[in-house]
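Working notes, beginning with the structure itself.
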Amino acid sequence: MRVFVFYRANIHDTGANMSRLRFKLEATAQGTQARAGSFTTLHGEVKTPVFMPVGTQATVKTQSVDLLAEAGSSVLLANTYHLLLRPGAEVFRKVGGIHRFMHWNKPVLTDSGGFQIFSLPHSREMTEDGAHFKSYVDGKLHVLSPESSIEMQTAIQSDIMMVLDQCIPSTSDHGQAVTAMNLTHRWALRSLEARARYEQDGRAIGGQSLFGIIQGACFKDLREKSAEVLTQLPFDGFAIGGLAVGEGKDLRDEFTEFSAKLLPQHLPRYLMGVGTPIDILEAVHRGVDLFDCILPGSLAQRGVAFTSHGKMQLRRSVYKFSEEKLDADCVCPTCARYSRAYLHHLVKTEEVLGWQLLATHNIWFYHCLMREMRESIFENRFVDYYHETKPRLMMSDEDYPVVHQKRVKPKRERFLKLGDYEIAEKSGHSSIRQISSGEIMHSVSDPAEEAKRLYVEQSQLSQKLSESRGDSAREVVIWDVGLGAASNAMAAIECAENLLAKNGLVRALKIVSFEVDLDPLRLALRHATRFSHLRHAGPHQLIEKGEWTHPSGLISWHLRGDFLASMNEATKPDLIFYDPFSYKVDAPLWTTDVFQKLFETVALEKPECEFFTYSASTAVRVALLLVGFTVASGVATGPKSETTVAFSTLEYARSRLKASLLGAEWLKRWGRSQAKYPAITADLSSKEVACYEEQIETRIRNLQQFSDLATKT
């Protein structure tokens, strides 16, 4: 049993005046939780809300400290895990800390390394003592404990240190979340003890602040418990951890607001690893003060720029001859000197200068956004600023023409809109469009016809409902992920009702629809004359009561909320109709982690489970293959020449769709693809990225699905 010896004079002092940062809450605004403040560190003052560029290895990629200072950076983030491995604590002790090492004279916050340990699940082991892992630099074994993390951060001499926490996917079950939270609490106490001890014996410079990290995944009772425990301890600020690791945007916003309200008003609040400009706007609205994210630089490397008129992809050929500046409203060095055509050229030729110029612009954009929010809070107009800015931050360059002509939009009647959705008329049929993203549900084909072809006919639902499978399989269960305007669910119900009227059903049908936003269905139901599939009692009862059952009792339809949070509790499916918004709009639902959880949830109980989706993306197919699914190409629909089908087991897949299984030809195309790998959400070094990609390459080519093709490819 570990015995904690606490330095009570240092650990148990509490109260607003005891914070080492001397945080001041300077302004709030009506109608919002947004707040403006300031705090003082060993290396100067920081005004909030503030964005911290990520300098993982004592450098922000492509940016000199002079460029960062010119952009308005007031505090940087560095990472304990990476700096521990290279250059190591002794270098920082010898040179006198990170500020002298990188010639940066402003504040630095160091992450503890917990997230990096989490992002390498196959290369570490978690124990009560800490995380045991192998160095990617030299292969040596290390233990990152609360004590060694604080010792390293004291050697770095950062202004703000973070406690070591156990980070787990936000979609983990309650039991896992409890275990990780309790371990985080015990590690928090050990971190406080270590700081006090190192300051007392002279190993620390003294005055370094320390933040606790609230955990609890997406469970409100655990978030409350975590805040209750940690706010009793004398931390100098608090971070909201465990978000942006698997949950959807709506759930992230909900738990950001919920967690922020649990934290003291007199201390700064930090949302770790978030995020995009729209994520930051939403989080400031909910009471958060500090942010960090690698996106300004990592997206710049891919040719993406954030601008006052939305996100731009400079790889697009439409910019080849454009002499316009990148952003007409920006005064950064990039916008002051270079045209879109030149930036397009640099991106296409993969010149490092293009990455640097776009990263410089993106960092300026982030800091400008933070200044605007701070000013609007002081002027008590943040709510107006929020509503004006949100649509702009959610736009992309596909939402407006390259030559900025004045567009004449057709007048739309107000009653054809609801919330963020409107009815779109296209090719003789009605669909639902999300206003903020411009994405249309079933954008080309009639929604009812597309649902019938892509999901109902391709899954052979009629045959499954008509075949005898014994008492153990008397019902067919469909998971309808992304209810939308209910096109897919109603196509399945129509199929079952037709069978029932003709010959009766041998097996019952149970549909479980997952959806967090019912506005699309509510809007479509208001105009059911435009949506023939909704001229039925089922959708109305689903909205009103959360479920509908056919008078025969053989067809039932049930509504659940967030897919990631509730899939474990739902009846395991035979068929999965996977139809959320695209990766561009709803990226968290297309990650390897989500498909891993889906596979683990269904595969053991349903070895004959089938998965159908409209996406034929290479990255999506690779993610499905990596987690264990057998993958095939699906039927064409609308403008798509292929869709995607996946199965729990290879044996079942071969019995169902042998001719369409991905094979040698797909492997060849994959080898030539520019998007071969699922997105990496962690901040990894180039060496780690190369290792990650090599592992994926090996795993894909060694899959049983492709094993007999190895010599042919």
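Distance from the Cα centroid of the stretch 559-607 to that of the stretch 254-331 is 27 Å (rounded to whole angstrom).
Sorted ascending by nearby beta carbons within 10 Å, beginning with the fewest, CYS368, CYS167 become CYS368, CYS167. The GluC sites (Glu not before Pro) of the stretch 510-610 that meet both conditions, a loop assignment by DSSP and at most 14 other Cβ atoms within 10 Å of the site Cβ, are GLU605. Taking all Cα-Cα distances within the stretch 294-371, those exceeding 17 Å account for 33%.
Of the chymotrypsin sites (Phe, Trp or Tyr not before Pro) found in the stretch 307-377, those in coil by DSSP whose Cβ has at most 11 other Cβ atoms within 10 Å are PHE321. With a/c under 1.5 counting as rounded, go ahead and sort the stretch 87-220 into rounded, prolate or oblate using the C-alpha gyration tensor (a ≥ b ≥ c being the square roots of the eigenvalues; past the cut-off, prolate if a/b is larger than b/c, else oblate). In terms of gyration-tensor shape, prolate. Take the chain, drop everything but the C-alpha atoms, weight them equally and run the Debye formula without solvent; then report log10 I(q)/I(0) at 0.06, 0.12 Å⁻¹ to two decimals. The Debye formula, applied to the Cα set alone, gives -0.38, -1.46. Calculated mean residue ellipticity at 222 nm for the chain: -11000 deg cm²/dmol, from DSSP H runs with n ≥ 4 weighted as -39500 (n - 2.57), summed, divided by the residue count and rounded to 500. Taking amide H as placed 1.01 Å from N in the peptide plane, the amide H of GLY37 sits under 5 Å from that of GLU26, THR48, each at least 5 places away or on another chain.
A DSSP coil position with no more than 15 other Cβ atoms inside 10 Å describes the following trypsin sites (Lys or Arg not before Pro) in the stretch 493-584: ARG535, LYS584.
Take the alpha carbon atoms of the stretch 618-666, find their center, do the same for the stretch 462-513, and report the distance between the two centers in whole angstrom. After rounding, the separation between the Cα centres reads 23 Å.
Cys residues of the chain that find no other Cys beta carbon under 4.7 Å: CYS167, CYS218, CYS293, CYS332, CYS368, CYS495, CYS609, CYS691.
No lab work stands behind these numbers, since they all come straight from the coordinates. Remember, predicted model here, so these are calculated numbers, not experimental data. Here the Cβ is made from the backbone with ideal geometry for all residues, glycine too, and neighbour counts use every protein chain on show.
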